[in-house]
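The next block holds one structure in the form of structure tokens; read it before the comments.
Values quoted throughout were computed directly from the atomic coordinates according to the rules given, and no laboratory measurement underlies them. All of these numbers come straight from a predicted model, not from anything done at the bench. When we count neighbours, we look across all protein chains shown, and the Cβ atoms used for this are built from the backbone with ideal geometry, even at glycine.
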Amino acid sequence: MRRATLASGVIGAAVAAVAILHVPAVHRSLAARGAPGGAACPFGYGAGARPVDLEARRARAAALRGPTAARARPALGFTLDATTAADVTAWAVAHDLRCDRRRGGMVVECTQVPGALVPGAGALAATAVWFELGPSGRLASIKTVRRDPAVAAVASAFTAAEHAVTARAGAPVRRDGSAAPELLARGALRQAMVEYRFTDYSAVLRATNLGDGFVLTEEYATLVE
């Protein structure tokens, strides 16, 4: 059991570590060192990525479903199964954000997003936000990466996000690790994770020590067919 928990934590931390590669400053640094194309988007949303696999999405949704419906489905101020690409574009233009369409237009990627525009994690800036559209052209999932050099800032943001999702959606199905700053700061790949699974909604929050800073990753998705 202990080995399984450790393996799960390492995999989750690795996901967050790869996610931070999409931070523009890190991406440029890798490119300057000769990394081909800089670095790849952790969610597969790079310019050369294949279109979204709808069958794979359905299979993943089925695997994530819990036994009851969520009381509400918070998604960083957007509305799952309702927000459209046009809505995201209008939001980006209104706030002078840089956003690009990926994967055949099914994903909108926005970078350097001010924290105030993406509620739920205090003042942490959302370094990158990905909006994935479903077959209907409406929001299927939203993912964010937020980074800060201070463990207290990320730990506090993680706790605030967890409390907000629990209050609105319902209790999580799983927790791993601790977001206590003194524990999260003990070494690279230390991580806290909380996961929610409902019949119509899933969410995963992670706070990770990357060794040279701390990152909060969030994912909110619809599980409605």
Scanning the stretch 62-88 for residues that are under 15 Å from Ile142 (Cβ atoms) and either under 16 Å from the mean Cα position of the chain (by Cα) or assigned to a helix (DSSP H, G or I) (or both) gives Arg73, Pro74, Ala75, Leu76, Gly77, Phe78, Thr79, Leu80, Ala85, Asp87, Val88
Going through the stretch 90-99 in order, the residues found to be surrounded by 14 or more Cβ atoms within 10 Å (Cβ to Cβ) and either of a type in the set (Ser, Thr, Tyr) or touching a helix residue (DSSP H, G or I) at 6+ places or on another chain (Cβ under 7 Å) (or both) are Cys99
Filtered residues of the stretch 57-89 (kept if among the small types (Gly, Ala, Ser), farther than 14 Å from Tyr220 by Cβ and surrounded by fewer than 17 Cβ atoms within 10 Å (Cβ to Cβ)): Ala59, Ala62, Ala63, Ala69, Ala86
Taking the stretch 195-220 as the region of interest, how many residues are of a type in the set (A, V, I, L, M), out of contact with any Phe, Trp or Tyr (no Cβ under 7 Å at 6 or more places or on another chain) and crowded, with 23+ Cβ neighbours inside 10 Å? 1
Which of the residues spanning the stretch 152-176 are without any contact (Cβ under 8 Å) to a residue 24 or more places away in the chain and either in a strand (DSSP E or B) or of a type in the set (Lys, Arg) (or both)? Arg174, Arg175
Name every residue in the stretch 134-151 that is part of a strand (DSSP E or B) and touching a residue at least 60 places away in the same chain (Cβ under 8 Å), in order of residue number. Leu139, Ala140, Ser141, Ile142, Lys143, Thr144, Val145, Arg146, Arg147, Asp148
Going by what's in this entry, would Ser136 be described as buried (at least 24 other Cβ atoms within 10 Å of the Cβ), within 30 Å of Arg101 (Cβ to Cβ) and of a type in the set (S, T, N, Q)? no
